[in-house]
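Take a look at the structure set out below.
The values are calculated or read from the model by the stated rules, or taken from the named source; none is laboratory data. Note that the structure is a prediction, hence the values are computed from the model and not measured. Cβ sites come from the backbone with ideal geometry, for glycine too, and all protein chains shown count toward neighbours.
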């Protein structure tokens, strides 16, 4: 089996969640059958959304340092547990001396969104760069209006007292469920978790319509490739 690298810390809790899923979803009978996983959870990587909104420094140098570290650990296969960071993918991908997978390339080959009006829950940085729309130009996306995006979605992710990034999963998930109701009212027939904090907070939550998490699909794909 291949040695797997995870570029995490964006945020730390979400990267630990997907690392855990990598282990839980891999059927084994003993420790020695499990993957060798190297997780670099560098929470000091500058905020990706702020960078894309021209309100903060670029995360690229710090991500390159993570890629160097994983390369020195002889990682053979890796992925990044942050959607927004993929806006900078072409700037840092060559630093990886291993196969670095792109979640948007994986998503572009999926057919599970076909025929749906897809409600997109993502950071404002991801929405600004239209990462999902560019990867899936044939899909009709519905995004929250500016008020809901700022006061509900971003608050649920970033708020220091109720947000997921400050470890308030239950409080943050209530905001995201409110945003889902808004998207359903706008005609969404399926929800796409376009931020790892969204996937983390909504995991196994009861929602009015199906929620698809592309990062969980990446975990499944990594397991397939690593075997």
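Per-residue answers, yes or no, for (1) more than 16 Å from the chain's Cα centre (by Cα); (2) not in a loop (DSSP other than H, G, I, E, B):
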{"position": "132", "(1), (2)": "no, yes"}
{"position": "137", "(1), (2)": "yes, no"}
{"position": "150", "(1), (2)": "yes, yes"}
{"position": "156", "(1), (2)": "no, yes"}
{"position": "178", "(1), (2)": "yes, yes"}
{"position": "188", "(1), (2)": "yes, no"}
**OP:** Search the range 210-225 for residues being closer than 17 Å to residue 119 by Cα and in contact (Cβ under 8 Å) with a residue 60 or more places away in the chain, and hand back the single one that is surrounded by the most Cβ atoms within 10 Å (Cβ to Cβ).
**Re:** 215
**OP:** Out of 184, 211, report the one residue that is under 15 Å from residue 142 (Cα atoms), more than 19 Å from the chain's Cα centre (by Cα) and at pLDDT 95 or above.
**Re:** 184
**OP:** For residue 111, work out the one condition from (1) more than 26 Å from residue 12 (Cα to Cα); (2) assigned to a helix (DSSP H, G or I) it doesn't fulfil.
**Re:** (2)
Subject >> Criterion: farther than 20 Å from residue 18 by Cα and not assigned by TED's automatic domain parsing to the domain that holds residue 45 - qualifying residue of 169, 190, 210 >> reply: 190
**OP:** Having 1 or more residues that are under 18 Å from the mean Cα position of the chain (by Cα) and surrounded by fewer than 22 Cβ atoms within 10 Å (Cβ to Cβ) is the bar; report the strands (runs of 3 or more DSSP E) wholly within the range 1-92 that clear it.
**Re:** 37-41, 77-80
Subject >> the range 117-130: number of residues that are in a loop (DSSP other than H, G, I, E, B) and crowded, with 19+ Cβ neighbours inside 10 Å >> reply: 2
**OP:** Output the number of residues of the range 151-178 satisfying the condition of being more than 14 Å from residue 11 (Cβ to Cβ) and buried (at least 24 other Cβ atoms within 10 Å of the Cβ).
**Re:** 2
Subject >> Candidates 189, 196, filtered to the one that is buried (at least 17 other Cβ atoms within 10 Å of the Cβ) and either within 20 Å of residue 133 (Cβ to Cβ) or in contact with a strand residue (DSSP E or B) (Cβ under 9 Å, 6 or more places away or on another chain) (or both) >> reply: 196
